[in-house]
Amino acid sequence: MIPPLARRFVAGESAAEVLERARQLQARDVGTICNRLGEHYDERGPADEDAAAYCRLVDDIADADLRARVSVKPSQLGLDVGEDVFRENLARVVERADDRGVFVWLDMEDHPTVEATLNAYEHHARETGGNVGVCVQANLRRTRTDLERLAELPGKVRLVKGAYDPPAEVAYRDKQRVDAEFRDCLRYMFANFEGGVAVGSHDPEMLSLADSLHEEFGTPYEVQMLMGVREDALFDLADDCEVWQYAPYGDRWLSYFYRRVMERRQNALFALRAILSG
Ligand code: FAD
């Protein structure tokens, strides 16, 4: 069972719990991006199981007519086992989702996986006419050029700063430089992505920039935040723009919870206070 402490960041262990989370968020005008926790499988079995679980989740979302999407990780669908395994599993999920009218996001993982992820995205963006989205990381040097390729495709792109720690040959490692790249990429996207822009950030400065760029270019946009992070701000934003919460679920929650707690001092203090008080 997930301890109450971790429940702030993780919807639950079962699909039923993430669906319940989606119902609660929908009542507050917030959509849910459901991510089944799991990554870097080195055998085919768990990758096939997660693909099957996503297909069931897609059916549940469609049957319940929920404002929810799914977000998959390439290595969860078998990319470390082989690109063919990943492509096969992704096709199963995307085809089912397309049949049932559910949108599929592809998360972006560490830098050696970028090319395979973008290639798979391009294929499905064309096949489905845009019922898929992909995440790109502003800290990677290649991203600004990748955006030019992605601007030509149907589908959606979520810009994030980047959660991995890539080497300097491929990435900007200075925070100010990453922020500058984020601003630059965001401007490019608002100017060139007619179908809309997804901003995956909790940073008030970037969210206000997105709002100004929306005023300047008229391009539609959505804000996406992680479950448990700046939720009050997300609910406030729901009055003015399209907002989504990324809600992870599943029994592999421990390492995800650990990452959330360690990435910010406030989260660590919150965890410590909860342990001491109860
Ligand atoms: P930061 O640069 O971390 O912080 C800037 C400011 O934002 C802070 O000063 C503070 O004001 C505010 N802030 C940030 N975090 C918090 C917090 N926990 N509590 C309160 N205020 C806070 N990364 C990937 O590499 N691949 C992915 O596929 C991916 N998908 C993502 C999907 C979503 C929906 C989101 C929101 C993030 C995703 N990320 C992904 C993570 C992303 O790359 C960043 O690591 C993460 O969002 C932190 O960057 P930031 O822009 O939120 O702000």
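Read the figures in this text as sums done on the coordinates, not as results from a lab. Model, not experiment: these values are computed from the prediction. Heads up, the Cβs are rebuilt from the backbone with ideal geometry, glycines too, and the neighbour counts pull from every protein chain shown.
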Stretch gain in nm, segment Glu263-Arg187, where the contour uses 0.36 nm per residue and the Cα spacing is subtracted: 24.7 nm
Normalised per residue, the volume of the convex hull around the Cα set of the stretch 4-277 (Å³): 126
Amide proton proximity set for Val197, modelled H, under 5 Å, gap of 5+: Tyr221, Glu222
Unit charges on C-beta of K, R, D, E only; dipole of the stretch 128-209, Debye: 60
Sparse-neighbourhood loop sites, GluC sites (Glu not before Pro) in the stretch 133-188 - DSSP loop, at most 11 other Cβ within 10 angstrom: Glu152, Glu169
Gain upon complete extension [Glu83, Ala27; 0.36 nm per residue less C-alpha separation]: 16.2 nm
GluC sites (Glu not before Pro) within the stretch 14-58, DSSP loop, no more than 14 other Cβ atoms inside 10 Å: Glu43
Given charges at Cβ of Lys, Arg, Asp, Glu: the chain dipole, positive-most of Pro112, Leu254, Val18: Leu254
Spin-label model distance (nm) - Ala116 vs Lys175, 7 Å beyond Cα toward Cβ: 3.3
Cα-centre dipole for the chain with unit charges at Cβ (Lys and Arg positive, Asp and Glu negative), debye to 20: 820
Spacing of the two label points (7 Å from each Cα toward its C-beta) at Arg56 and Glu13, in nm: 1.4
